[in-house]
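Read the structure below first, then the notes.
The values are calculated or read from the model by the stated rules, or taken from the named source; none is laboratory data. Nothing here was measured: the structure is a model prediction, and the numbers come from that model. Counting neighbours? That spans all protein chains shown, and the Cβs are built from the backbone with ideal geometry, glycine included.
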């Protein structure tokens, strides 16, 4: 993804990305879906960071809230508000269950930041493959390799005497993503999931990453088949 077009918006984009949570890509869940007709609530404390050209910035953000609804035996729907500012949605499809679980979880999220003379927006189309390694009925390791398609757009305006000019910027491209986490099931109605997820921009070797600790309340996936 080529983001060189964002240079006139660098300050606004970076502050927006690190303080409002752009993006919030961690799934906070297992490859297994929750049962049909049930609901799960997740609240995650997160920090977000960016690294480019040997410089790294890390900031705490507002928490992320996620609602999951079981819509079929192997399908559930997620609705989220990343860092309480970025709306998003995803559909998890659980393809394989056993000691090893497999799912796909396509989703979308986006945001827009504006000031009096600048504006910048981001949209991410995510397609992680969710790999679950179930070591016991109460503990799973999660990996989410995959790709995202990122769209960035913005505009600036400037005034010189009585004249005002405006400039628009657009950019998009595919970027790889990878997440690692662990799902710890404390009870049938509560689990905890630490998770790290990052995007890598091949063009400029930049990384945007999120580390979060998710608290999952309500319905949990069924792991009764794990010995």
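No other residue among 174, 211, 196, 217 is more than 23 Å from residue 145 (Cα to Cα), in contact (Cβ under 8 Å) with a residue 60 or more places away in the chain and in a strand (DSSP E or B) apart from 217. Restricting to segment 81-96, name every residue that is modelled with pLDDT under 95 and within 11 Å of residue 109 (Cβ to Cβ). Listed by number, the residues that qualify are 81, 82, 83, 85, 86, 87, 88. For the subset of segment 63-97 comprising residues that are part of a loop (DSSP other than H, G, I, E, B) and out of contact with any strand residue (DSSP E or B) (no Cβ under 8 Å at 6 or more places or on another chain), which member is farthest from residue 223 (Cα to Cα)? Of everything passing the filter in segment 63-97, 73 is farthest from residue 223 (Cα to Cα). One residue is enough: does segment 27-45 have a residue meeting the conditions at pLDDT below 95 and over 16 Å from residue 217 (Cα atoms)? Checked against the condition, which is being at pLDDT below 95 and over 16 Å from residue 217 (Cα atoms), segment 27-45 yields no hits at all. Out of 109, 40, which single residue is in contact (Cβ under 8 Å) with a residue 24 or more places away in the chain and within 14 Å of residue 26 (Cα to Cα)? Just a single option satisfies the conditions, and that option is 109. Restricted to segment 105-141, and to residues there that are more than 15 Å from the chain's Cα centre (by Cα) and closer than 20 Å to residue 77 by Cα, the residue that is surrounded by the most Cβ atoms within 10 Å (Cβ to Cβ) is 132.
Among the residues making up segment 130-155, those that are in contact (Cβ under 8 Å) with a residue 60 or more places away in the chain and farther than 21 Å from residue 110 by Cα are 130, 131, 132, 134, 136, 137, 138, 140, 142.
Results for (1) touching a residue at least 24 places away in the same chain (Cβ under 8 Å); (2) over 19 Å from the mean Cα position of the chain (by Cα); (3) under 19 Å from residue 211 (Cα atoms), shown as yes or no for each residue.
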position: 50; (1), (2), (3): yes, no, yes
position: 60; (1), (2), (3): no, no, yes
position: 79; (1), (2), (3): no, no, no
position: 82; (1), (2), (3): yes, no, yes
position: 95; (1), (2), (3): no, yes, no
